Amino acid sequence: MSEFEPVIGLEVHLQLKTATKIFCGCPNRFGEEPNTLVCPVCLGLPGSLPVLNQKALVYAIKIALALNCEINPFIKFDRKNYYYPDLPKGYQISQYDLPVGRGGWVLITLNGDRKKILIKRVHLEEDAGKLIHDSQGGCTLVDYNRTGTPLMEIVSEPDLASSQEAYEYLIALKLTFQYLDVSDCDMEKGSLRVDANISLRKKGDSTLGTKTEIKNMNSFRAVKAALDFEADRQKALLTAGERIVPETRLWDDAKGATQPMRSKEEAHDYRYFPEPDLVPFVVSPETVAQIKNQLPELPAQKKERFLKQYQIPEYDARILIQDKDLAGFFENCSTLYSEIKKVSNWLIGPVLQELNARKLALKDLGLKPRDLVHLIQKVDQEILSNLAAKEALRQMLDTGKTIEALVAEQGLTQISDEAALEAVLDEVIQENENAVRQIRQGKESAMGFLVGQAMRKTAGKANPKKIKEMIKRRFVHG
Amino acid sequence: MNLSTLTAHELLDLLKNQKTTPQAITESVLKAIQRTDDKIKAYVRVRDQEPGFAPTRGSVPMAHRDLGGLTPAPSQTHLPISIKDNICIRGSPTTCASRILEGFKPSYHATVIERILSAGGLIVGQTNMDEFAFGSSTENSCFGPTRNPWNLDCVPGGSSGGSAAAVAGHEAIWALGSDTGGSIRQPASFCGVVGLKPTYGRVSRYGLIAFASSLDQIGPLTKDVTDSALLLKIIAGHDSRDSTSADVPVPDYTASLVEDVKGLRIGLPKEYFIEGLDREVKEAIEAAIAVLQKKGAIFQEVSLPHTEYAVATYYIVATAEASSNLARFDGVQYGLRCQPKTSRKTALVDMYEETRDAGFGKEAKRRIMLGTYALSSGYYEAYYLRGQKVRTLIKNDFDRVFEECAAILTPTSPTTAFRIGEKIDDPLAMYLSDIYTISANLAGIPAMSVPCGFSQKGLPIGLQILAKPFAEEMIFRIAYAYEQAALWHKRKVSL
């Protein structure tokens, strides 16, 4: 095992889905024609002035509260000064020393253990524009649609001890943001961005090593891979007695490696000073309390409640809360049907499989809670086997028909009548002498094989429980 | 009768009695510009002569065209006004007298322009200034200096020198300027006109190309106090597009134009009446004090103990904010762009450097460097942060005095207008000419310069009246009473 352990901190940038931008009234939308969602303010034209979108502040406070932060009662904005073509004013309006929230935490679960990851600060700022490099034309094009999009920056303490913890932390954050409905959290569209800082230290050491920053990771998986790569790279250097160069490196997904940024490493002096065009904001305890009351039930709370209220296993609860809609669906079912564990099984199993296969969100699947409950009841009533029911689910989703309609149409009703099954069993026994011999020898698994053959013969309609019973009667008891 | 020599309120009377027309007034101003601006050079752009501007002769008053269909209300002024070249006018080049804004045409009107147009005003031209308002003489303009109508070898003051000279030289009825450290008041004083810096937040800054965001205010430059009250009423008021604009109702300032100062306590800060104050200026101020005393005002010595730190504080805070405000002039979106033929690798930085080197004048560069230094890592606490703290002390000085006094009276400038070229090579000497005006910007309080005499050489002298925040009414009252007793505004320049 390595004598070194990684120390990781993550900076997450989250675009807030307010209707308009943070300092002007331009629509806050993605994917439009370049430079069509702009005005003098977000273009930074001479003479323009910012005006804070109050909704953005409310979203920011919601996020800070959900992350258990202390809300600063007096917040202000600061200018972060630097030159780049995607930054029209030559400065970004951000927050320096009085951010919206400080000192929060997020719980992650790793291998059954819970760990608290501390959050240093969360603050509000404006996004920059987008640069599009046109190598053919030998120029760079600037699209200012994105300038002024409200961004929330969430900075963790260097509490993450592995790439897996980093991954879990991101999952936990994303889930929280989805529950709050403050962002689309789509890394591909850029509404959620992650920068990572990683250093290594000898196990047991308290001093931090030299850190490098990693950018350009476009998925949580890439974050994990990049951190793994960088940890290995640093370990190799340290083991060889070399020093780590403090630098920013870009993740190259194709190569599976980090590369140093080509641009000259200049120490950025951002010359922060309070933004004189915006007045400071007082956030009263009443305002905070009001926003807190309006917070929805958050993932961690929902999980605890599910465990208590529905007595389902941790594993189940964890998966159900991963999707706010799935959790809601589950709860809906519980009002219609009491054997809630079965619902959980169906949701975690076949329903999630269908969602993944069809690449759909639950709300677009066309399945209603009572539809699922009726399906499960058909299995309870032994009208359908589990296998048949799974197939029926697929058909329900494909056709939009109810299970009653499908059962009637296709005569899906499970064959449980012993007389009918006797004939099938006779055939199966005749065709599978080997298996029969094994059963006589006491091999249980061969029984399952015969059941499977019977199911095949009846196109899944045979009641597998019945078949198994019948096989047992024939061979085991006599 | 030369209409361009009249005040706005006199012209409004004539208009009301149908003794003249808006066209005739505008014609008179344009003719005056044609006649004398060759000598004064107050204007950088005149409506009649510039392709971007609409013609004035015989057609619908420009107000209608500019309002885009809105019908002007009955209380219309329909008077021509001149605007300092740092206030955005949609469709018209607005350059802050800087090469770096060559070709820039704002896509929107500043709020004050919208208010003027809604009130029926016609914009007749844009006036010269020190580049980006950096200066006290209007010598730092890329268009060349403006001259003082009272003596063409002298500066008109700055940075709103063009507006002040145009009003004094009857090339404008009234004008707008901007004031960050005295840029309305000092040129008003040098040119013998009335110049008001409103309370910070009284007038919207939306559309004012920023110098120092926490100090800038737009204000009127006029021939007399009455016109100042009229113009302030039009431009003042809360603007939702400016977060620093105050949500305080705008009173009818003309109601303060009464000649009654009986019993008003006016403070004379001892720190202002010191060495360096021109003898003639001192005498003129003393005479003015006597006039007001005769009318019943009570003067008392007061102290503003942190006055000696004002100039240093200003040149740290203002330049720091300016260095950031001017960062957007980088050649990317608008204005000047210089792209030297260098390697691909350094092309971006080269564009930035070349553009800003060619686009900014010496004083602009000086202030950007000063401001950048004051904000830089390791120096922020010692300079900018400390400067802002001293600023609070300066403001507290004023708060204390205003508990006892209704207003404060000081000279506007330690000297009369100096000669063109006299101080241009001595930046520090130039900075010190703002010594009496700067504190008002730091404290955010309103202040006005009113003519109070002439030097032996015939150069105007101005006195300054300061009051507490949003007490412009007090200033108008005292200024009007003095003006009507002393009648300096009746002495007009002849060119």
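No lab work stands behind these numbers, since they all come straight from the coordinates. The model shown is predicted, which means the values in this text are computed figures rather than measured ones. Positions of Cβ are generated from backbone atoms using ideal geometry, with glycine treated the same way; all protein chains shown enter the neighbour counts.
General remarks:
- Rough spin-label spacing in nm, given labels placed 7 Å along Cα→Cβ, for B:Ala255 and A:Arg474: 10.7
- Helical segments meeting 18 Å axial Cα length and Kyte-Doolittle -0.5 threshold in chain B (DSSP H): B:22-40, B:279-294, B:310-325, B:362-375, B:472-486
- Gain on full stretching of the segment that runs from A:Glu157 to A:Gln430 - 0.36 nm per residue minus C-alpha separation: 91.4 nm
- Evaluated at q = 0.04, 0.05, 0.09 Å⁻¹, the base-10 log of the normalised Debye intensity for the protein assembly as shown, with identical point scatterers placed on the Cα atoms, takes the values -0.30, -0.44, -1.00.
- The calculated FRET efficiency for the pair B:Leu495 and A:His13, based on their C-beta separation and a Förster distance of 56 Å, comes to about 0.35.
- Multiplying each eigenvalue of the alpha-carbon gyration tensor of the stretch A:299-410 by 5 and taking the square root yields semi-axes of 24, 16, 11 Å, largest first, rounded to whole angstroms.
- Proximal aspartates and glutamates to A:Lys466, defined as alpha-carbon separation beneath 20 angstrom and excluding residues fewer than eight positions away on the same chain: A:Asp380, A:Glu382, A:Glu391, A:Asp417, A:Glu418, A:Glu422, A:Asp426, A:Glu427, A:Glu431, A:Glu444
- Cα shape, the stretch A:4-290, gyration tensor, a/c 1.5 rule: oblate
- Global geometry of the stretch B:336-495, whether rounded, prolate or oblate, following the gyration tensor of its Cα atoms and the 1.5 cut on a/c: oblate
- Spin-label proximity, A:Arg370 to the stretch A:382-408 - amide N less than 18 Å from point 7 Å beyond Cα toward beta carbon: A:396-397, A:400-407
- Theoretical gain in end-to-end length, A:Glu3 to A:Arg318 [0.36 nm per residue, Cα-Cα removed]: 110.1 nm
- Rg and Dmax, both from the Cα atoms of chain B and both in Å, are 21.5, 74.
- Partner lysines whose Cα lies under 18 Å from the Cα of A:Lys363, excluding those fewer than 8 positions away in the same chain, are identified as A:Lys324, A:Lys401.
- Coil-residue trypsin sites (Lys or Arg not before Pro) of the stretch A:162-248, DSSP, other Cβ within 10 Å capped at 16: A:Lys189, A:Lys203, A:Arg243
- Taken residue by residue and averaged, Cβ atoms of other chains lying within 10 Å of the Cβ of A:74-84 number 2.
- In plain terms, the chain from A:Cys139 to A:Leu336 could stretch by 64.7 nm, reckoned as 0.36 nm per residue minus the Cα-Cα distance.
- Cα gyration tensor category, rounded, prolate or oblate, for the stretch A:135-251 with a/c compared to 1.5: oblate
- FRET efficiency for A:Gln353 and B:Ala382, using Cβ-Cβ distance with R0 set to 45 Å, rounded to 0.05: 0.10
- Computed E for A:Val282/B:Leu393 - FRET, C-beta separation, R0 22 angstrom, nearest 0.05: 0.40
- Annotation for the stretch B:281-360: trypsin sites (Lys or Arg not before Pro) lying in DSSP loop with at most 15 further Cβ atoms inside 10 Å of their Cβ are B:Lys341.
- Set B:Lys16/B:Lys223; A:Lys189/A:Lys211; A:Lys368/A:Lys461; B:Lys39/B:Lys457; A:Lys89/B:Lys41 screened for pairs whose C-alpha atoms are more than 30 Å apart: A:Lys89/B:Lys41
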